[in-house]
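Contents: one structure, followed by commentary.
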Amino acid sequence: MKKIIIAGIATVIMIIVLRFFSNGLVTDYTPAGIVSFELAKNMKDAYAMMTAVGKKPLQINIAVDFAFIITYCLFLFLCCKELMNNYKNSTAKTIGLIFLELSVLVGVLDLVENIAMLITLGGHGSNISVGISRWSAIIKFSLAALVILYILIAAFYIKLLSKKKS
């Protein structure tokens, strides 16, 4: 449990740091800041965003995001592992293992997304790098939401079971 708390605190700290480095990333072209760039539909949109914000602030934000990936993925992983360790049923353990692995996949997708964005920002971008970033982000956000939902439901369920036993 101590590791989860440390990873949770590190994640919150990285969110605050990212907020600091996100200053100036919100424009008419990037209403959601870096997320707008992550979800750019094509190279034309990405270029308009780079022009509006500047390449350097986007690159700095992505560089800091690499540390954030480590903290939030570790937090999700440790939460899933702790929940999985509380299960007695093999089916529940298998489901827990799936979500544990999904928490790792979320991080891998975020890494792929960041690398694709850096390629785009480095002047070697194309509709392919923008598309890789976009689809990695869409899948990453979807899976992260699913993992978080699982953590909340499973934690509630385990808490409910522990109250019934007492």
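Helix 43-53 sits at what angle to the longest principal axis of the chain, using alpha carbons and giving 0 to 90 degrees rounded to 10?
So the inclination is approximately 90 degrees.
What is the distance in Å between the Cα centroid of the range 111-131 and that of the range 43-98?
Between the Cα centre of the range 111-131 and that of the range 43-98, the gap is 18 Å.
Helix 127-165 against the longest principal axis of the chain: what's the angle in degrees, Cα atoms only, rounded to the nearest 10?
That helix lies at roughly 20 degrees to the long axis.
Restricting to Cα pairs below 8 Å that are 6+ residues apart, what does the relative contact order work out to for the range 2-161? Please round to a whole percent.
Averaging sequence separation for qualifying contacts and normalising by length gives 26 percent for the range 2-161.
Sequence-distant or interchain residues sharing an amide H contact under 5 Å with residue 86, placed H: which?
none
List the pairs from 44/140; 55/81; 3/41; 2/55; 2/163; 3/159 whose alpha-carbon separation is above 29 Å, in the order I gave them.
From the list (44/140; 55/81; 3/41; 2/55; 2/163; 3/159), the Cα-Cα distance tops 29 Å for 55/81; 3/41; 2/55.
Roughly how many debye, to the nearest 20, is the charge dipole of the chain about its Cα centre, given +1 on each Lys and Arg Cβ, -1 on each Asp and Glu Cβ, and no other charges?
So the dipole magnitude of the chain works out to roughly 780 debye.
What angle do you read, to the nearest 10 degrees and between 0 and 90, between the alpha-carbon axis of helix 55-85 and the longest principal axis of the chain?
10 degrees
Shape of the range 86-166 from its Cα gyration tensor (a ≥ b ≥ c, root eigenvalues): rounded if a/c is under 1.5, otherwise prolate when a/b > b/c, or oblate?
Here the range 86-166 falls in the prolate category.
Whole percent per 5 Å bin, from 0 to the bin with the longest distance: what is P(r) over all C-alpha pairs of the chain?
Values per bin, smallest distances first: 1, 9, 16, 18, 16, 12, 9, 7, 5, 3, 1, 1, 0.
Read the figures in this text as sums done on the coordinates, not as results from a lab. Just so we're clear, the structure is a prediction, and the values are computed from it rather than from any experiment. We place every Cβ from the backbone using ideal geometry, glycine too, and count neighbours over all the protein chains shown.
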